[in-house]
1. Name the residue that is modelled with the lowest pLDDT, counting only residues in region 18-54 that are in a helix (DSSP H, G or I) and polar (S, T, N, Q).
2. Quick one: ASN99 ticks every box in (1) in contact (Cβ under 8 Å) with a residue 12 or more places away in the chain; (2) under 21 Å from ILE25 (Cα atoms) bar one, so which box is it?
Amino acid sequence: MKALGFKPKRKPQARAPEVAKIRAIWRTMHKQGFIRNANDVAIDAYVKRMTTASNGRGIEKAVWLKSAQAAEVLEALKKWHYRLMAEVITKSGGRIPSNNDCTGPAGYELLAEHYASNYYKPA
């Protein structure tokens with residue numbers, strides 16, 4: 001086919017390494033029942049909403065994000081996921097674990113581990 005002029009399309013690679021983490025958290029949120037749709041179209045719609053304030057139009061696709069933009073979207077997504085997990089934990093009578101220094105509530109990674117091991121029951 002290539003000899004006849006066929007050129008295979010390649011899926012665009014993300015500019016920013018944070019995009020992989022955005023996708024991973026998004027899909028985790030879907031598996032946990034917080035989000036209805038786990039595909040790239042849904043992720044792109046979220047990215048566009050989150051970046052509209054910065055440039056007025058929003059960035060259409062997650063793969064087009066620059067590293068600084070991707071970091072902002074990632075942090076917003078982590079905060080949203082944190083709030084959802086914390087809500088489930090507290091509504092079920094649990095408590096948010098402390099951070100490793102016992103000076104405040106757990107950060108995102110620690111809460112995500114706690115939620116996954118104690119509250120998330122895969123189907």
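1. Residue satisfying both the conditions and the ranking: SER54.
2. Result: ASN99 passes all but (1).
The values are calculated or read from the model by the stated rules, or taken from the named source; none is laboratory data. Since we're looking at a predicted model, the values are computed, not measured. Because the Cβ atoms are built from the backbone with ideal geometry, glycine has one as well, and the counts that use them run over all protein chains shown.
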